[in-house]
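Beneath this line is the structure, given in structure tokens, with notes to follow.
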Amino acid sequence: MCLFCKIVNKEIPSNVILENDNFLAFHDINPKAPVHILAIPKIHVDSFNELNPELMSSMTEFIQDIAKEVKIDKSGYRVITNVGDNGGQEVKHLHFHVLGGARLKWGHFSDADPKNNL
Ligand code: 5GP
Ligand code: ZN
């Protein structure tokens, strides 16, 4: 079972923000911004490549609810999903990063590690 499936099953603890039957949102263990939340489907989906557009539809609403829940919906935020090697995906269970709480930097091509620029 993958790391995030274990988090869904509560085999690995996480700091949950929001949860419903289909999705879970929890704080990233290594935050890259004052607010850094991961939103995942409870079913295992490898990456955005395999994401069913119908599941994306309800995931959209879930991510919007996260932004409201942590009060970054008005100030602004960034939603990112890393896909595969060039995208820098480390955990092979689809997740959306929701980043906010400060003015975020931009520029993903200027460094060997794309995540240094978040
Ligand atoms: P990726 O690099 O795959 O786009 O993002 C994986 C994210 O998962 C990283 O930001 C990393 O900090 C986070 N992460 C890895 N292991 C854990 C964990 O055990 N708990 C939590 N809450 N986040 C994790
Ligand atoms: Zn999984």
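The values are calculated or read from the model by the stated rules, or taken from the named source; none is laboratory data. As the structure is a computational prediction, the values presented were derived from the model and not from experiment. Neighbour counts run over all protein chains shown; Cβ positions are idealised from the backbone, glycine included.
Observations, loosely collected:
- The sole residue among N15, N49 that is over 19 Å from Y77 (Cα atoms) and without any contact (Cβ under 8 Å) to a residue 24 or more places away in the chain is N15.
- Among residues of the stretch 60-93, those that are within 16 Å of ligand 1 (Cβ to nearest atom), within 18 Å of H27 (Cβ to Cβ) and not β-branched (V, I, T), counted: 5
- A count restricted to the stretch 7-22 and to residues that are farther than 14 Å from V98 by Cα and either within 16 Å of the chain's Cα centre (by Cα) or near ligand 1 (Cβ under 8 Å from one of its atoms) (or both) stands at 8.
- Restricted to the stretch 75-118, and to residues there that are more than 24 Å from E61 (Cβ to Cβ) and among the hydrophobic types (A, V, I, L, M, F, W, C), the residue that is modelled with the highest pLDDT is A102.
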